[in-house]
Amino acid sequence: MKNLSAMAFGFAGSQILYAATKLGLPDVLARGPIGVADLAVKVQVNQDSLHRLLRALVVLDVAIEIPPGRYALSAFGQPLRAGHPRSIRSSVLLLGDPATWQAWGALTSAVQTGETAWDHVHGRPLFEHLAASEELSTIFNTAMREGTGQVAEFVPFDFSGTTVVDVGGGNGTLLAALLGRHPDAHGVLFDSAEGTAAAVPILADVADRCRIENGDFFDAVPEGDVIILKGILHDWDDDTCVRLLRGCRKSLRLGGRLLVIEPVMPESLAAPEASGVVMSDLAMLVYTGGRERTRSEFGALLDAAGFTLTQVSERLGASSIRVVEAAGD
Ligand SMILES: C[S@@+](CC[C@H](N)C(=O)[O-])C[C@H]1O[C@@H](n2cnc3c(N)ncnc32)[C@H](O)[C@@H]1O
């Protein structure tokens, strides 16, 4: 049942998960039941405060208590581990990071002024901030990898024989999965140097068919038969998106396709994915000044840049992400 007081206290749940993850508790608790005193020594924290945090993890079902006084990670808490196949560890570290939640603290101001909360709080846009902070940039890239890894297998497109350019492709998670599934496809990973910092090992299995290029995607993007923009357009306002899309149009080979892969805002808030997309849209207001868009809003942007929207896929797996496919006019 919905509870307004619990919603108002929601930041506490976020910080409980963040503190536990930052201190490395999930990985230690996953190795088996451990008493508070031993755990406090292992992770080098105050024993009494740790005990209180553990009780919170138990009431949130993230940990279990094995009386008397020993704790272990619950089944529900497993994705907080670093090595879990569906790990959300870096996403928790990113969402709970002081820089991120300070930005959420400026949501009121963002709604009042229309300004991006991140820029208001930190004095510079998110991607400039990441370029100057190696630690946060690593967390950001790994968090993107966690999200992308969960949808890559569902992308419904035949890349056989094509050169695929993943623009803003980050550390190459999507490209590695797509090239892995299509042995005769070639790939170009295009992003800033910070974005591709960890890409080489991720692309190792397809390295003979793939190259990494660094640059600013507003200047130009590499040429290809399929150009992918995954989680990119929702970072930017409409005019900036059209500028980027025109650059993609120039680099798309004859008969090629553009794939925009990101959440699509449903026309009705009664749609099952609406709450996820609406929250993601607000997150874009906080982080980047971008937005989530409806099918017809994507159609208008694509039109303005010389593309025609040809189809929109079903949602990829359990996510709210779809593939918006377009052809050059
Ligand atoms: C939200 S992330 C998406 C990453 C990846 N496509 C994914 O979905 O996992 C946005 C990406 O755009 C890159 N980016 C932002 N501004 C850029 C620019 N001007 N030129 C090139 N890459 C840029 C960032 O480095 C980051 O990797």
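Considering region 98-110 alone, what residues qualify as being under 23 Å from the mean Cα position of the chain (by Cα), part of a helix (DSSP H, G or I) and modelled with pLDDT of 95 or more? P98, A99, T100, Q102, A103, W104, L107, A110, listed by residue number. Taken together, A185, A207, A197 contain a single residue that is outside the structural domain of P125 (by TED's automatic domain parsing) and within 11 Å of the ligand (Cβ to nearest atom), which is A197. In region 160-174, the residues that are at positive phi reach residues that are among the aliphatic types (A, V, I, L, M) and within 7 Å of the ligand (Cβ to nearest atom) with C-beta atoms within less than 6 angstrom, at least six apart or across chains, in these pairs: G168/I232; G170/M144. If we scan region 22-40, do we find a residue that is within 22 Å of the chain's Cα centre (by Cα) and of a type in the set (A, V, I, L, M, F, W, C)? Looking through region 22-40, none of the residues is within 22 Å of the chain's Cα centre (by Cα) and of a type in the set (A, V, I, L, M, F, W, C).
Any idea which residue in region 162-182 is nearest to the ligand (Cβ to nearest atom), counting only those that are within 20 Å of A220 (Cα to Cα) and among the hydrophobic types (A, V, I, L, M, F, W, C)? The extreme case among them is V167.
For (1) touching a residue at least 60 places away in the same chain (Cβ under 8 Å); (2) among the hydrophobic types (A, V, I, L, M, F, W, C); (3) closer than 16 Å to E297 by Cα, each residue gets a yes or a no:
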{"position": "H182", "(1), (2), (3)": "no, no, no"}
{"position": "E194", "(1), (2), (3)": "yes, no, no"}
{"position": "L203", "(1), (2), (3)": "no, yes, no"}
{"position": "C210", "(1), (2), (3)": "no, yes, no"}
{"position": "G215", "(1), (2), (3)": "no, no, no"}
{"position": "H234", "(1), (2), (3)": "no, no, yes"}
{"position": "T240", "(1), (2), (3)": "no, no, yes"}
{"position": "S251", "(1), (2), (3)": "yes, no, no"}
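Looking only at region 103-122, decide whether some residue is within 25 Å of A199 (Cβ to Cβ) and of a type in the set (S, T, Y). Checking region 103-122: not a single residue is within 25 Å of A199 (Cβ to Cβ) and of a type in the set (S, T, Y).
If you go through region 149-161 one residue at a time, how many are surrounded by fewer than 21 Cβ atoms within 10 Å (Cβ to Cβ) and either over 19 Å from the mean Cα position of the chain (by Cα) or away from the ligand (no atom under 13 Å from the Cβ) (or both)? The number of residues fulfilling the criteria is 7.
The values are calculated or read from the model by the stated rules, or taken from the named source; none is laboratory data. As the structure is a prediction and not an experimental result, all values here were calculated from the model. Positions of Cβ are generated from backbone atoms using ideal geometry, with glycine treated the same way; all protein chains shown enter the neighbour counts.
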